[in-house]
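For reference, the structure is listed below as structure tokens.
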Amino acid sequence: MENTTQKKLKRRTKNIKKEHIFKKYSFEITIVSMISLGLFLLLENFELKFLIKQFFITFYEEIKEILKIIFGRFISKILKIESSDIFGISLLIFAFILLFLKWRHNLIIKNSVIDKCPKCSNKIHRIKRKKRIKILSYIIRLKVKHYHCHICKLRMYNIKGI
Ligand SMILES: [Zn+2]
């Protein structure tokens, strides 16, 4: 009797662990599946189901018309690629945007509470940022402050969203 209940308990904890892993990596799983679907659509000449295909073709045609008006002949030549390619490319772009936002969010979470040296807990002093950091932080809309610890010489950034 004891053995079976122990086994059941073990199995239950295993299931909880599995669920936990899925929750923890759900973002990554979504990204990977989007990238795979995007790549699949790009590599395989995948025929989409009629309705979906029709929807995206109309959508794509509309976009193409608008772009044609805006950018003229040059863009229309480039756009002579298949609609499933457009779908694949859009998925890839969307996945990369999500990845970028996740990376930016993690940067803020990890670096927004720095008010003393993380290594020796001493006072930190603000120093000048490098030019490329200035430009990058402006582009990705982050408030970045550069600090230096006089005691252990550690340099660190305080990063907040704008
Ligand atoms: Zn220090």
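Please treat every number below as a calculation from the coordinates, not as lab data. Keep in mind that what you see is a predicted model, and the values were worked out from it rather than measured. Glycine gets a Cβ as well: all are built from the backbone with ideal geometry, and neighbour counts include every protein chain shown.
Would you mind calculating the gained length between N158 and F22 on full extension (0.36 nm times residue separation, minus the Cα-Cα distance), in nm to one decimal?
45.8 nm
What are the residues whose amide H is under 5 Å from the amide H of I124, where those residues sit 5 or more places off or on another chain and H is modelled from the backbone?
C117
By how many nm would the segment from I139 to Q54 grow when fully extended, if each residue of separation counts as 0.36 nm and the alpha-carbon distance is taken off?
Taking I139 through Q54 to full extension adds about 26.9 nm, to one decimal.
Which whole-Hz ³J(HN,Hα) couplings does segment 133-149 yield from phi under the Karplus relation 6.51 cos²θ - 1.76 cosθ + 1.60, θ = phi - 60°, glycine and proline marked x?
5, 4, 5, 4, 5, 5, 5, 8, 6, 10, 9, 10, 10, 9, 10, 9, 9
Through the Karplus equation 6.51 cos²θ - 1.76 cosθ + 1.60, θ set to phi - 60°, convert the phi angles of segment 150-162 into ³J(HN,Hα) values in whole Hz; use x for Gly and Pro.
5, 6, 9, 6, 6, 10, 8, 10, 9, 10, 10, x, 7
In nm, give the distance between the simple-model label positions of E65 and I29, each being 7 Å from the Cα along the Cα-to-Cβ direction.
4.1
Report P(r) for segment 112-162: all Cα-Cα distances, bin width 5 Å, range 0 to the bin holding the largest distance, values in whole percent.
5, 23, 28, 20, 15, 8, 1
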